[in-house]
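The values are calculated or read from the model by the stated rules, or taken from the named source; none is laboratory data. Quick caveat, the model's predicted, so the values are computed rather than measured. For neighbour counting, all protein chains shown are included, and Cβ atoms are generated from backbone atoms with ideal geometry for every residue, glycine included.
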Amino acid sequence: MTQTALAVERQRGAWWQATWKSEGVRRIAIFVLSLSCAVLLWTLLAWWVGKPAFLPSPEKTLDGALELISSGDLQNHVLASFTRILIGFVIGTAIGIPLGLAMGSSQFIRAFMDPYVEFFRFIPPIAFVTLAVIWFGLGETSKIVLIVYTTLFMVAINTMIGVLGVEPDKGFAALCLGATKRQVFLHVTIPAVIPNIVTGMKIAMGNSFMTVVSAEMVAAKSGVGFLIYNSRLFLLTEWIFVGIITLGLMGFLTDRALRIAATTLLSRYEVRI
Amino acid sequence: MPTVSAHAVSLPDVEVRKAYRTFLKKAGPDRGREYVALQDVTFSISSGEFFCLLGPSGCGKSTVLRMIAGFLPPSAGEVLVRGKRVEAPGMDRAVVFQGDSALFNWLTTYENVEFGLRMRNVPEPMRRRIVAESIRLVGLEGFEHNYPNQLSGGMRQRLQIARVLANDPAILLMDEPFGALDAQTRGIMQQELTRIWSSRRKTVLFITHDIDESLLLGDRVAIMTAGPAATIKKVLAVPLARPREVGDDFLRLRREIKAAIEDEVMKSMRQVDDANSSGR
C-alpha cells in the first residue's frame, strides 16, 4: 500500500470516528436500530402465531395502510380527528387561560371553583361520551365539547398553580418601580405563568387524543377512533394496526410541533417541555 | 418671622416610631398563637445617610425593611417616609431584594432596567439614555442582551441595583443584597456601592448580618437584638473617612459592635436549642 493510500485510509477512519462521536448521528443510528428491532420482533411473532386476523405481519399492515391511503380513507380519518382536536383545543385553551388566571388571582373565585375542580378531577372525559351524544347529537359538536372540557380543565388548573407560584417579590419589585396593580398583572404575573400554561396545554393535548378516540369509537362516522373500532366488524385487524400506528405518529408530530413552537416563540419565558 | 427654607430643616427621610409587628404562627404545637417579631422599634434615617441595620439571622431585619417599603403594615406604631405615613409600596422607595427572585427572568438586562420607565411611559429616547447610564454605572456594559440566568450572582445583584437606579428613587432599601455572594465578589460590590452612593447620594437602608460590611458602608450602624420581640439595641456612628479600610478605629468599632452583638447571637442560639428540645 502506498503512503497516500494509507493516509486516505487513516483519514476515513478519523471521519468515521468523528461522525460516530457527533451526538445527532448517534441518536439517529440508535433510533433506526431500535425501530428495526421492533419490526423484526413483530415479524417473528406474526410468523410464529401464523394467524393474520389475530396478529397481522408488518408487511400485511403496510399493505393495509397503502390500501387505506390510496382510497383516501386514512387521510380523511386523520383530518377528521385532527380538526376536532384542534378546534376543541383552541377553544378550551382560550377559556382555560383566563379562568386559571382568575382562579389564581382571586381568593373568592378560587374558593368558589374549588368544589367543582375537586369533583370533576376524578371524572375522565370518556365518562361523558354518552351524555355528550345525548345532548349534542352524533355530529361534530359532541366531540368538540368533550375536548373543550378536557383542555379547559388542564389549562385552567396549571395556570392557577402558576399564578399561585409567582414569587411575591416580583410583584413588589414592579410596584416599587412604579407599576400599577393592573400593570403588575399584565407585565409580571402573565409572563411568569407562561411556562405553566404551556405545560397545561401539553398535557391537554395528550388528553385530547384519548378523548377524541374514545368519542369516535362510541359515536362517529369518521376519525381514527372510528377506523379502529369499525375495522373489527370486518375482522380487518391490519387496519386496526394502521389506526393505532397512525395515532402514535399523530401524537408524536403534534407534540413535536407544540415543543418547537413553544421553545422558539416563547424561549425567553424559559418554557421547558 | 424668619423664613426657613425647606432644605435647611432636615426632616428625616425615614422614621420608624414604636413599631410592633406580630405574626400568627402557621405551624408547630402553638399554631394560631401570636408571635411578636418586632417590639418597640424606633429609629430614623436622615436624607442622604447610609444607614446599616445589623443583627443576627432571623431577628426581623427584613420585616423592618418590608414595613418601610410598604409591603407589610406595622401591627402598631408608625412608619413615616418624608413625613408621610407609609401605606403602600411607592416609587420613592426602591428595594434591592435578597437573592434574585425579584428579577424578571423573561426580560434581558436592558429590559429589566427599562421596566420601571416603560411602566411609567417615559418616552423612548429618554428611556434609552437612562438605561444606558444605569447599566454603565453598575458596569454591566456588554451584557445588555443577556437574560438574568446568563449572568453571575454578582452581576445579577448589579442588575437589581441598575434597575432601581434607573428609576431614580430618593430612598434605597437593600435587604442583604450581597449575602449570597462569595467573599471576593462581595468586597468588589461593597466598593462599587460606595462609589455609586457617593455619586448619587441616596438615602440608604442597608440590611446585613456582617459586621465588617456595616462598618465599611454605613454612616451609622443600628444593632438589633435577637428575636422574638426584637428591637434596636444601640445605634453607633461610624466617623470614618471613605474609602474605608481596616485600621485602628475600624477595629475598635468592630470590637464594640462584636461585644454588643455576641450576646444577641448567643441568645438566639439558646432559643433555637430551647425550641428544639421543647419540640421533642
Considering the stretch B:86-103, residues that are in a loop (DSSP other than H, G, I, E, B) and at the interface with chain A (Cβ under 7 Å from one of its Cβ atoms), and then whichever is surrounded by the fewest Cβ atoms within 10 Å (Cβ to Cβ), we arrive at B:S101
Of the residues in the stretch A:96-141 that are farther than 19 Å from A:T211 by Cα and acidic (D, E), the one that is nearest to the chain's Cα centre (by Cα) is A:E118
Would you check if A:I245 is touching a residue at least 40 places away in the same chain (Cβ under 8 Å), more than 14 Å from chain B (Cβ to nearest Cβ), of a type in the set (V, I, T) and out of contact with any strand residue (DSSP E or B) (no Cβ under 8 Å at 6 or more places or on another chain)?
yes
Residue match in the stretch B:206-226 (condition: among the small types (G, A, S) and surrounded by fewer than 18 Cβ atoms within 10 Å (Cβ to Cβ)): no
Within the stretch B:14-36, the count of residues that are crowded, with 20+ Cβ neighbours inside 10 Å and among the aliphatic types (A, V, I, L, M) comes to 3
The residue that is farthest from B:A229 (Cα to Cα), considering only those in the stretch B:46-76 that are in contact with a helix residue (DSSP H, G or I) (Cβ under 9 Å, 6 or more places away or on another chain) and in a strand (DSSP E or B), is B:F50
When the stretch A:53-82 is checked residue by residue, the ones that are of a type outside the set (S, T, Y), surrounded by 15 or more Cβ atoms within 10 Å (Cβ to Cβ) and either touching a Leu at 6+ places or on another chain (Cβ under 6 Å) or in a loop (DSSP other than H, G, I, E, B) (or both) are A:L55, A:P56, A:L68, A:L74, A:H77
Residue check for B:L140: at pLDDT 90 or above, in a loop (DSSP other than H, G, I, E, B) and farther than 23 Å from B:R120 by Cα: yes
Can B:V41 be described as modelled with pLDDT under 95, within 15 Å of B:V235 (Cα to Cα) and either touching a strand residue (DSSP E or B) at 6+ places or on another chain (Cβ under 8 Å) or among the hydrophobic types (A, V, I, L, M, F, W, C) (or both)? yes
Q) When you look at A:A156, is it within 14 Å of chain B (Cβ to nearest Cβ), under 21 Å from A:L258 (Cα atoms) and small (G, A, S), yes or no? A) no
Selection from the stretch A:97-142 of residues among the charged types (D, E, K, R) and not in a helix (DSSP H, G or I) yields A:R121
Residue pairs within 8 Å by beta carbon, gap of at least six or interchain, first lying in the stretch A:36-48 and over 9 Å from A:P58 (Cα atoms), second surrounded by 11 or more Cβ atoms within 10 Å (Cβ to Cβ), listed first then second, are A:L45/A:L55; A:W47/A:S57
Checked the stretch B:118-135 for anything within 8 Å of chain A (Cβ to nearest Cβ) and part of a loop (DSSP other than H, G, I, E, B); matches are B:R120
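In the stretch A:49-64, which residues are within 22 Å of A:L74 (Cβ to Cβ) and free of Cβ contacts under 8 Å to residues at least 24 places away in the same chain? Can you show your working first?
The first filter runs over the stretch A:49-64 and keeps only residues within 22 Å of A:L74 (Cβ to Cβ), leaving A:52-53, A:55-64.
Scanning the stretch A:49-64 gives A:S57, A:P58, A:E59, A:L62.
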- Query: Does any residue of the stretch B:167-178 turn out to be in contact with a Phe, Trp or Tyr (Cβ under 6 Å, 6 or more places away or on another chain) and either under 16 Å from B:E111 (Cβ atoms) or away from chain A (no Cβ under 14 Å) (or both)?
  - Reply: no
Scanning the stretch B:143-166 residue by residue, those assigned to a loop (DSSP other than H, G, I, E, B), more than 13 Å from chain A (Cβ to nearest Cβ) and either small (G, A, S) or under 30 Å from B:V86 (Cα atoms) (or both) turn out to be B:S152
Across the stretch B:169-214, the tally of residues that are at positive phi and either β-branched (V, I, T) or modelled with pLDDT of 90 or more (or both) stands at 1
Exercise for the section: Return yes or no: is B:G99 closer than 30 Å to B:E133 by Cα, at pLDDT below 90 and within 19 Å of the chain's Cα centre (by Cα)? Expected result: yes
Going residue by residue through the stretch A:111-134, is there one that turns out to be touching a residue at least 12 places away in the same chain (Cβ under 8 Å) and either of a type in the set (S, T, Y) or not assigned by TED's automatic domain parsing to the domain that holds A:S214 (or both)? yes
For the stretch B:104-117 the number of residues that are outside any loop (DSSP other than H, G, I, E, B) and within 8 Å of chain A (Cβ to nearest Cβ) is 2
